[in-house]
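This report concerns only the one structure given below.
Every number in this text was worked out from the coordinates using simple rules, so none of it is lab data. No experiment lies behind these values; they were computed from the predicted model shown. Every residue, glycine as well, gets a Cβ built from its backbone with ideal geometry; the counts of neighbours run over all protein chains shown.
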């Protein structure tokens, strides 16, 4: 493909621009940023790629941002050998116009135009190459893996002298892969129907194995069944033989049994005779014992009767003693009672004497108390009517002293006025007095000016003498004190202060007398309680004392009356002592007498009890002895009767004769037993019986064996019948048939799967081989160009998919991914140029480099420019379009043409 | 005079490996269905009874389902049926005849000839039975039975029912219990018996005058000749009371299934067309079991076409059995591939596979104990791969 002219109208920031491009060689499109260099390429892309009716994002992006205009793009280009002019407007009034310029000119519009262009592009434009030879600002220079490019691979085929390129190989590989994936996973494991068929086949195999096992099991069962039948057949004759042997043994045993039973009978008879002999002996013995018992009983009875008589006598003696003891006991009881009464009387008398003494004491207390109370009353009467305390007396004294002192002081400070009337009567008034002292004419009067004083000469003059304020106060105080003193004294009824002191002395003396009386009363009565003492202190004889006197009197009186009630007593008993100690002694004596009486009573009681017990014991023994004598007598009589009767039945001598006869018979039987024993030994019973036992065991064993064999046969027969009914052979056949079917199915799928696998592997292998073939010429083409830039040591490593893998300069190999941005760029451009030169110009596409080599140093830049501009050899016919905003970058490219773009 | 149906080798319970489960089920059902047709044949032809000369059952361990279905079919037969135990269903241990199911459910008009010697069908008609007592008899069973036999009463028809190969057909003397034909012939000659009905051979065979194998009423294998018949036998005792009677045997076809062997050369489209037509012409296809053996040289396209049409027929047929050892199809030159115009590495890959396709296969899996899937690439996988490529390339070509 070759691009000749490109026109943009209303595309992004471009209003209208047409650029003509030379058919071959390098053209630089230069212009400032934003002028729309890249836009031109995008517009061309959109023209080829999107229909006029498309509203794809890329198409809408073409619309100017600031104007509502439909973007229009027209390009003139050659594809294959056909030159075309192709134009499109998008979005509004979309239109497609095609002018075929070469050959027979044609003009097409709309879908027809689009279809024609599509067909031409499909046939002649290698899309992979077209995209790969475009170096864009966005990319880092990496060339896309070019192995998919038909044009390049054809070129490389030619260069390699091989013919490895295959048209439509990708579609076939895709189809093969699709077919392969029907049967295999990406990792080559069976899947889908293939896997299902395998699983089914495996399952069918297992089913066959299991069904076969069951058939074998049945076969084995059959074998065992036949073995069991043989065993039954074998054991039956053995049983018959054993039964015959048993019959013989039983006959022998029957014969022996006769001998044995004869012996047994002899033994039994002997035992019987001995038994009867022993019974007869026992009869004789019993008879003798009976007689003996009767005799013994008679003797014992006689002894009992003698003892009874003895006991009766002893009981009589003990009875008399018992009566005496009871009488003594009664006497002792009476003595105790009498002693108790005497003790009570002695105690009462001693108490009475104590009461009399108490009465005297109380009466004395009463008298003393009465006297003290009288004294107290008198002392109280002596107390002054108006008692003056010592304190009061002292207060008055202090008042008097103060007064006296003030008067003296005032007098000393008071001037004396002497008035001498020279004619007139002169009245001198001191203080407030109503009436002053009149000093008659010519008189002389002296007045102490103890107060404001007026001296008036009536009708003539009035002199006023005013005291000092201090003197005036003093005078007033003196007056006050005077009045106070006078009032106190009159109140106390005393003439003066000394009188008051006397009064205070009298008061103190009277009070002291009262307190003394009270103290005495308190001391006397304190034993009777504080209340009693307080009552007395108030001046009355306390009621409690009175009551005590009365109580003591009553007790004495009562006792006397009590004595009076029994007037005889005193005369009969000893005379009552008159003093208290004697009375106490009498009490002690009575107490001792009582204790002695009680001791005697206890001793008498003990004697009486002992005697009573003895009498009772004797009585009981007598009763018991009588009972036994009665019983034994009855028994003795009964024995006598019994003996008489048995003797009548069979006399003693006959019993003895019978016993002797039985002894004889027993001896004869013993002889017969020993004869039978001899016969028994001769018969050899043990051997015969052992033979019988063996024969029986054998029969039993053989029968058990036969039963066992029959049971086993029976069981197996049942199992065989059961198994026969299951149809195991048929099930096995069916399983085998199913396996056959599963195998058939698996074979069919396996065949298809293997075909797919085989084909895929074969094709992949050859494709990879072809790719390896392409690597060499491609590498050479790049290295040829690269050596002009980097020198002769430049090498590149190209991968099988024809992507760049590494670069080597001066023996240093750097993986492509680790190269610097500038180096990547340079390598990318070199690779594109190499490709462009490799491919046939007719099918080649323009190399477009948008804003590159900005990272290259000046030396490299110059070298790159030389490579870009080289028009020699293969370079001829290659169209190279460089876009840049810095035209000086490409200034050193030879034969370059520059198109300047302006806004 | 007596008329009866002579049949044998029902082989009920037989399975065939080359049958799909669906076909196997129908095949098994057909072996029972034919019993009903035999019964109708007996009624239509006015026969007195049906005589089955052995191998009623394929073996002695059948499922109750199969046994009961067989008995049910026998119930539909209107005349008495006589069943002779053969080598497959002998009287030995675990015999199918001694099962409780058989003793309890066998219909009254069905008789098992489980005792050697004479069985009276009705006065004047006797069957001399030679049942198999075990699977592997060590000597001829028929001779001793005939030795014990006295001459029949005058006017009585006597039919010998036996099972096994006759020495005439066992030229290699592989069977110790082979039946001596001479003894049979002399017994017929002497009038000891008047007809010998045999079983064991699935192909209808007249061994000698009056000595017949009826063949199986439903075929069981491709090698059989004239299977699928039953014989209506008419026996007239000799007028003199001695010597041979008069026997008339009429075969009737009763089978619903057929085994067809197709062995062909296919070397081009014309042969493929012929094969297609031949298969298409088969009647009752779903009951036809075809054994296909193809030899020849075909191009890829022809190969693909052949496979396609065989797949089509396989869907319709009871079975299309293609044992690998019976097929030898060689891939013709590279015209087909060249036609596709595959170039570049595809062409070299094709060349590779083609040369491999010319080599031999891996050991034939049919001979191995068990089939193993996913064997390494070999000649056959190469051929298949080429065919696949042909199909994909043609389908995907522009």
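With a ≥ b ≥ c taken as the square roots of the eigenvalues of the C-alpha gyration tensor of segment A:479-559, please select rounded if a/c is under 1.5 and otherwise prolate if a/b is larger than b/c or oblate if it is not?
Taking the square roots of the gyration eigenvalues as a ≥ b ≥ c, segment A:479-559 is prolate.
Counting only other chains, and only Cβ atoms inside 10 Å, what mean value do you get across the residues of B:4-16?
2
Tell me, A:40, A:1 in order of fewest to most beta-carbon neighbours within 10 Å?
A:1, A:40
Provide the FRET efficiency to the nearest 0.05 for the residue A:634-residue A:599 pair, computing r from the beta carbons and using R0 = 45 Å.
Efficiency, from the Cβ-Cβ distance: 0.25.
Any chance you could list the semi-axes, whole Å, largest first, of the equivalent ellipsoid that the Cα gyration tensor gives for segment A:438-505, using √(5λ)? Don't skip to the end; give the middle numbers.
On the way: eigenvalues 293, 48, 16 Å².
Values for segment A:438-505, descending: 38, 15, 9 Å.
Ranked by Cβ crowding within 10 angstrom, fewest neighbours first, how are A:109, A:128 ordered?
Starting with the residue having the fewest Cβ neighbours, the order is A:109, A:128.
Shielding of A:763-769 by partners, i.e. mean partner chain Cβ atoms within 10 Å per residue?
That average works out to 5.
Would you mind checking the radius of gyration and Dmax of segment A:340-431 based on alpha-carbon positions, in Å?
Calculated on Cα positions, Rg and Dmax stand at 39.5, 130 Å.
Could you give the angle, 0 to 90 degrees to the nearest 10, between helix A:543-565's Cα long axis and the longest principal axis of the Cα atoms of chain A?
60 degrees
Where does segment A:267-411 land on Rg/Rh, using Cα atoms and the Kirkwood Rh? The partial results should precede the final answer.
Details: Rg = 60.2 Å, Rh = 30.5 Å.
Across segment A:267-411, the Cα-based Rg/Rh ratio is 1.97.
In what sequence, highest mean first, do A:334-347, A:631-644 appear when ranked by Cβ atoms within 10 angstrom?
In descending order of packing, they fall as A:334-347, A:631-644.
Can you give me the angle between helix A:110-124 and the longest principal axis of chain A, using Cα atoms only, in degrees from 0 to 90, rounded to the nearest 10?
That helix lies at roughly 80 degrees to the long axis.
Using alpha carbon coordinates only, what is the Rg to Rh ratio of segment B:1-142, with Rh defined as the Kirkwood radius? Provide the component values of the computation, followed by the final result.
Details: Rg = 15.1 Å, Rh = 15.7 Å.
Ratio of gyration radius to Kirkwood radius for segment B:1-142: 0.97.
For an R0 of 45 angstrom, estimate the FRET efficiency from the Cβ-Cβ distance between residue A:93 and residue B:339 and round to the nearest 0.05.
After rounding, the FRET efficiency stands at 0.35.
How many times 2.2 N^0.38 Å is the alpha carbon radius of gyration of segment A:390-492?
Cα Rg divided by the expected 2.2 N^0.38 Å: 1.34.
When the chain is fully extended, how far beyond the present Cα-Cα distance does residue A:341 get from residue A:897, taking 0.36 nm per residue of separation?
Using 0.36 nm per residue and subtracting the Cα-Cα distance, I get 182.1 nm.
How large is the helix-only mean residue ellipticity at 222 nm for chain A, computed as the sum of -39500 (n - 2.57) over DSSP H runs with n ≥ 4, divided by its residue count, in deg cm²/dmol to the nearest 500?
On the way: 19 runs with 605 residues, N = 903.
So the helix-based figure for chain A works out to -24500 deg cm²/dmol.
In terms of the ratio Rg/(2.2 N^0.38 Å) built on C-alpha atoms, what value belongs to the protein assembly as shown?
2.51
Using per-residue counts of other Cβ atoms within 10 Å, averaged over each peptide, order A:888-898, B:314-324 from highest down.
Highest-to-lowest ranking by the protection proxy: B:314-324, A:888-898.
Determine, from the Cβ-Cβ distance of residue A:424 and residue A:468 and an R0 of 30 Å, the FRET efficiency 1/(1 + (r/R0)^6), rounded to the nearest 0.05.
The formula returns an efficiency of 0.55 here.
Can you sort B:390, A:50 from fewest to most other Cβ atoms within 10 Å of each residue's own Cβ? Please report the intermediate quantities before stating the final value.
Values: B:390 21, A:50 16.
Listing B:390, A:50 from fewest to most nearby Cβ atoms yields A:50, B:390.
So for segment A:43-112, what are the equivalent ellipsoid semi-axes in whole Å, largest first, each being the square root of 5 times an eigenvalue of the Cα gyration tensor?
Working: eigenvalues 118, 27, 19 Å².
In descending order, the three semi-axes are 24, 12, 10 Å.
What length, rounded to one decimal in nm, is gained on full extension from residue A:550 through to residue A:354, with 0.36 nm per residue of separation minus their alpha-carbon distance?
69.0 nm
Percent of Cα-Cα pairs per 5 Å bin, from 0 to the last occupied bin, for segment B:2-253, please list those.
So the P(r) values, bin by bin, are 1, 6, 14, 19, 21, 17, 12, 6, 2, 1, 0, 0.
How large is the helix-only mean residue ellipticity at 222 nm for chain B, computed as the sum of -39500 (n - 2.57) over DSSP H runs with n ≥ 4, divided by its residue count, in deg cm²/dmol to the nearest 500?
-10000 deg cm²/dmol
What relative contact order, as a whole-number percentage, does chain A give when Cα pairs under 8 Å and 6 or more residues apart are counted?
27 percent
State the antiparallel share, in %, of DSSP beta bridges confined to segment B:2-253, rounding to the nearest 5. All intermediate terms of the calculation are to be shown ahead of the outcome.
Numbers: 21 of 46 bridges.
Just about 45 percent of them are antiparallel.
Let me check the size of segment B:258-396 from its C-alpha atoms; what are the radius of gyration and Dmax in Å?
16.3, 52
Could you give the spread of the C-alpha atoms of segment A:1-64 along their three principal axes, from largest to smallest, in whole angstroms?
36, 28, 15
Full-extension gain between residue B:153 and residue B:225, please, as 0.36 nm times their residue separation minus the C-alpha to C-alpha distance.
Additional length available on full extension: 22.1 nm.
Given contacts defined as C-alpha pairs under 8 Å and at least six residues apart, what's the relative contact order of segment B:150-197, whole-number percent?
52 percent
Tell me the angle of helix B:344-358 to the major Cα principal axis of chain B, expressed in degrees between 0 and 90 and rounded to the nearest ten.
In chain B, helix B:344-358 runs at an angle near 30 degrees to the longest axis.
Among A:464-476, A:530-542, how do they line up by average Cβ neighbours within 10 Å per residue, starting with the highest?
Ranking the peptides A:464-476, A:530-542 by packing returns A:530-542, A:464-476.
Just need the relative contact order of segment A:390-492 here, percent rounded to a whole number, with Cα pairs under 8 Å and 6+ apart.
Contact order relative to length: 25 percent.
Within a 10 angstrom radius of each residue's Cβ in B:382-392, how many Cβ atoms of other chains show up on average? Whole number is fine.
Numbers: counts 5, 3, 9, 11, 4, 3, 11, 9, 0, 3, 10.
Partner Cβ neighbours, averaged per residue: 6.
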